[in-house]
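What follows is a set of notes on a single structure, which appears directly below.
The values are calculated or read from the model by the stated rules, or taken from the named source; none is laboratory data. For clarity, every value in this text was computed on a predicted model and none was experimentally measured. Using ideal geometry, Cβ is built from the backbone for each residue, glycine included, and neighbour counts are taken over all protein chains shown. Ligands, DNA and RNA are excluded from the accessible area calculation, which covers all protein heavy atoms including side chains. Shrake-Rupley method; radii C 1.70, N 1.55, O 1.52, S 1.80 Å.
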Amino acid sequence: MGWEAWFTAGLVVAMFGVLAFTRAAPDFVFVGAVIVLMVTGVVGPSEAFVGFSNQGVITVGALYVVVAGIRETGGIQWIVHNLLGRPGSLMRAQWRLGAPVSVMSAVLNNTPVVGMLIPAVSEWARKHDLPVSKLMIPLSYAAILGGTVTLIGTSTNLVVNGLMLDRTGEGFGLFDIAWVGVPVTIVGLTFLILFSRWLLPDRPPALAKLEDPREYTIEMHVEPHGALDGRTIEEAGLRNLPGAFLIEVDRDGTLLPAVSPQERLRGGDRLIFVGVVESVVDLQKIRGLRPATGQVFKLGGHRADRHLLEAVVSDSCPMVGQTIRDARFRNRYSAVVIAVARNGERLKGKVGDIVLQPGDTLLVEAGPGFEIQNRNSRDFFLVSRLQDSATPRHDRAMIAGGILVGLLATVTTGVFSMLEAALLAAALMVVTRCVPLHVARQSIDWSVLFTIAAAFGIGAAMEATGLAHTLALGFVGLAGDDPWMNLLMIYLATALFTALITNNAAAVLVFPIAFAVAGDLGVSPLPFAIAIMMAASASFATPIGYQTNLMVFGPGGYRFSDYLRAGIPMTVVTSVVAILVIPLVWSF
């Protein structure tokens with residue numbers, strides 16, 4: 001090897017050391033490493049930044065917009081309530097998540113599956129007080145495992161199948177690799193869930209329990225003939241809200257205190273909740289509920305274009321001593337008071353009848369101009385906007401769902417490539433106003449895209465300098481003439497390169513070496529091709545080995561070392577199963 005290969009090897013080791021033992025941002029580390037490689041002349045600009053034009057990177061960016069469209073139309077709440085449901089324990093929650101995700105990923109591209117479920121799992125974890133760090137890695141790993149079951153489960157399987165067709169004229173059927181993929185998936189998922197207590201970090205949810213939380217009393221109406229009309233309180237998902245509880249129901253003037261979870265809701269019921277501000281935001285997003293005050297429907301524009309804000313009433317506010325109705329709050333500020341918090345008291349009666357006092361915290365629904373106009377106003381001590389508080393565009397939920405189904409259908413049937421379908425779906429989400437353009441821009445996680453793109457540059461350097469080829473030949477050279485040992489070394493070499501570069505690049509790199517080894521030994525290349533498929537797809541040890549790992553990195557609050565702790569045992573377990581099963585199905 002030349003000095004370029006040794007320099008690249010040292011840089012990769014240093015890069016992984018920084019990621020493992022510090023909290024440096026992965027995008028900063030990877031982009032910095034690529035810049036160093038380019039400045040030192042190891043690779044040119046075109047190789048260093050080849051990832052920024054890669055189809056996979058652009059696809060992930062487009063999928064963020066698609067997911068934003070699903071979120072903005074209320075699809076995330078539907079997934080949480082209907083698909084994930086109510087788990088009885090953390091282990092059951094992991095099963096309820098892992099099993100359907102692995103099945104979906106066997107027949108659908110796993111990247112959009114994970115992208116769609118990340119915000120749903122975050123909300124699900126918060127709603128049921130589960131550590132999100134115990135769920136995000138299982139989400140990614142389940143999708144990866146499911147992708148090993150069918151030929152279309154991952155793009156890597158298709159790449160290897162294409163290489164086999166070029167070399168031998170024979171390929172694999174859709175479910176041929178299921179003989180290996182199904183046992184690997186079952187054993188891998190079972191191992192991960194049974195040992196998640198030790199494999200996964202336990203970091204508490206972002207919503208911490210406060211000793212003296214600021215509570216609001218808020219009234220919501222059940223819409224007649226709406227989504228909740230006729231459903232029980234438990235079926236409606238109003239039984240175990242995080243940080244909130246239903247204290248009573250007003251039905252035609254009759255109060256129903258301490259209502260049973262089996263009580264059926266009726267259109268027109270007035271529900272009185274007490275809860276912290278985050279729970280009020282959740283209530284606003286439930287389809288079939290609307291604020292009891294009709295003032296919100298008298299404001300101009302669509303409700304989805306407004307947000308919730310908190311405003312603390314100052315002692316110089318002209319409304320002090322008046323009821324909200326008499327003070328004509330809506331006319332004065334072009335905003336509506338949804339609820340009022342006052343020193344932990346429960347304020348009875350309708351919102352419009354509350355007499356304002358200095359220090360009252362108002363929960364306000366308003367357009368984007370309210371915060372700008374009143375940020376420095378003497379009427380309020382403080383005005384702060386609540387993140388992700390816009391009301392979902394439920395009227396466009398069917399459109400967004402249709403776009404998502406169309407994306408998955410056209411990719412599965414081969415009408416469009418993943419890139420084409422993702423870009424078209426993202427554009428349709430914006431054009432049909434399922435997601436506003438400014439929200440679509442904000443939804444893209446640029447740090448993830450930069451990290452994935454920079455990883456391609458690192459891989460290009462390893463290939464261009466001959467470092468990857470030298471390492472692969474070194475692995476194979478340790479196996480001797482034994483076919484089984486050669487199969488093991490091919491598997492380990494592919495797994496290593498997948499962790500360091502990308503799965504497709506690793507498969508393309510190792511395949512010709514494996515094919516030559518099979519020819520020298522006079523054995524069938526089929527077991528080696530299957531081993532490459534499995535090793536390149538089942539990448540758990542690093543966040544950059546598979547893009548779904550990187551997609552859950554931020555939402556799960558992970559560190560680089562978390563993947564090593566969980567991924568290395570997972571790699572060992574799945575590789576043992578694969579290496580034992582492959583020769584039983586495809587003899588040498």
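Compare the Cα positions of 368, 292, 452 along the charge dipole of the chain (+1 at Cβ of Lys, Arg; -1 at Cβ of Asp, Glu; about the Cα centre) and return the one farthest towards the positive end.
Result: 292.
Starting from the amide H of residue 338, placed 1.01 Å from N in the peptide plane, find each other amide H under 5 Å away whose residue is 5 or more places distant or on another chain.
Hits under the 5 Å cutoff: 363, 364, 365.
Pairs of Cα atoms under 8 Å, at least six residues apart: use those to get the relative contact order of the range 4-156, whole percent.
20
Count the lysine pairs in the chain whose Cα atoms sit under 20 Å apart, keeping only pairs 8 or more residues apart in sequence or on different chains.
Taking the Cα cut-off of 20 Å, the pair count is 5.
In a Debye calculation with equal point scatterers on the alpha-carbon sites of the range 297-388 and no solvent, what is log10 I(q)/I(0) at q = 0.21 Å⁻¹?
Calculated log10 I(q)/I(0) at the listed q: -1.06.
Where does the range 468-533 land on the Kirkwood hydrodynamic radius, alpha-carbon pairs, in angstrom?
11.4 Å is the Kirkwood radius here.
Where does the charge balance sit around residue 454 when Lys and Arg score +1, Asp and Glu -1, over other residues with C-beta under 13 Å from its C-beta?
Neighbour charge sum, excluding residue 454 itself: -2.
Could you give the spread of the C-alpha atoms of the range 491-569 along their three principal axes, from largest to smallest, in whole angstroms?
49, 21, 15
For the range 253-262, just list the computed ³J(HN,Hα) in residue order, Karplus coefficients 6.51, -1.76 and 1.60, θ = phi - 60°, integers in Hz, with x standing in for Gly and Pro.
With coefficients 6.51, -1.76 and 1.60, one gets x, 9, 7, 10, x, 6, 5, 6, x, 8 Hz.
Could you point to the residue in 257, 243, 317 farthest towards the positive end of the range 215-366's charge dipole, with +1 and -1 charges on the Cβ of Lys/Arg and Asp/Glu respectively?
Value: 317.
Give the long-range amide H neighbours of residue 290: residues separated by 5 or more places, or on another chain, with amide H under 5 Å away, using H modelled in the peptide plane at 1.01 Å from N.
Placed amide hydrogens put 221, 223 under 5 Å from residue 290.
What's the whole-number percent of alpha carbon pairs in the range 6-116 lying beyond 20 angstrom?
Here the tail beyond 20 Å accounts for 63 percent of pairs.
What is the helix-to-structure angle for 483-500, meaning the angle in degrees between its Cα long axis and the longest Cα principal axis of the chain, kept from 0 to 90 and rounded to the nearest 10?
So the inclination is approximately 40 degrees.
What is the Cα convex hull volume of the range 439-553 when expressed per residue in Å³?
Values: hull volume 10.8 nm³, N = 115.
Once divided by residue count, the hull of the range 439-553 is 94 Å³.
Let me spell out the model: positive unit charges on the Cβ of Lys and Arg, negative unit charges on the Cβ of Asp and Glu, origin at the Cα centre of the chain. What dipole size does that give, in debye rounded to 20?
1480
For the range 4-115, what does the accessible surface come to per residue with a 1.4 Å probe? Please give it in Å². Don't jump to the answer; show the numbers that get you there.
Values: 4730 Å² over 112 residues.
Each residue of the range 4-115 exposes 42 Å² on average to a 1.4 Å probe.
Using a 1.4 Å probe on the protein heavy atoms only, what accessible surface does residue 251 show? Give it in Å² to the nearest 10.
30
Set Lys and Arg Cβ to +1 and Asp and Glu Cβ to -1, take the dipole of the chain about its Cα centre, and tell me which of 169, 356, 31 lies farthest positive.
Sorting the options by dipole projection puts first 356.
Kirkwood Rh, Cα Rg: Rg to Rh for the range 369-521?
Answer for the range 369-521: 1.24.
Along Cα→Cβ, 7 Å out, is where each label goes; now give me the distance between the ones at residue 260 and residue 584 in nm to one decimal.
According to this spin-label approximation, the distance is 5.2 nm.
Going by amide H atoms built from the backbone, whose H comes under 5 Å of the H on residue 380, apart from near neighbours?
Amide H to amide H, under 5 Å and 5 or more residues apart or across chains, residue 380 pairs with 314.
For the chain, what's the relative contact order in percent, using C-alpha pairs closer than 8 Å and at least 6 residues apart?
Once normalised by length, the contact order is 21 percent.
In degrees from 0 to 90, rounded to the nearest 10, what is the angle of the helix 526-537 Cα long axis to the longest principal axis of the chain?
So the helix axis and the longest Cα principal axis differ by about 30 degrees.
At most 13 other Cβ atoms within 10 Å plus a DSSP loop assignment makes a site exposed; report the longest stretch of the chain without any exposed GluC sites (Glu not before Pro).
The longest uninterrupted stretch comes out as 212-588.
What accessible area per residue comes out for the range 446-578, rounded to a whole number of Å², with a 1.4 Å probe?
It amounts to 30 Å² per residue over the range 446-578.
Compute the helix-to-body angle for 467-477: its Cα long axis versus the longest principal axis of the chain, expressed 0 to 90° and rounded to tens.
Helix 467-477 sits at roughly 60 degrees to that axis.
Take the alpha carbon atoms of the chain, find their radius of gyration, then divide it by 2.2 N^0.38 Å using N residues; give the quotient.
The value comes to 1.11.
Using square roots of five times the C-alpha gyration tensor eigenvalues, list the equivalent-ellipsoid semi-axes of the range 347-438 in whole Å, biggest first.
Equivalent ellipsoid semi-axes, largest first: 44, 16, 9 Å.
How large is the direction-averaged shadow of the alpha-carbon convex hull of the range 385-464, in nm²?
Over every viewing direction, the Cα hull of the range 385-464 projects on average to 7.6 nm².
Which value in deg cm²/dmol, rounded to the nearest 500, describes the helix-derived mean residue ellipticity at 222 nm for the chain, given -39,500 (n - 2.57) per DSSP H run of n ≥ 4 and division by the residue count? Walk me through the intermediate numbers first.
Working: 24 runs with 308 residues, N = 588.
Taken over the chain, the calculation gives -16500 deg cm²/dmol.
Just flag the trypsin sites (Lys or Arg not before Pro) in the range 332-382 sitting in loop per DSSP whose Cβ has no more than 14 other Cβ atoms within 10 Å.
Within the range 332-382, the qualifying trypsin sites (Lys or Arg not before Pro) (loop, at most 14 other Cβ atoms within 10 Å) are 346, 348, 350, 375, 378.
On the protein heavy atoms, probe 1.4 angstrom, tell me the percent of accessible surface of the chain carried by carbon and sulfur.
60
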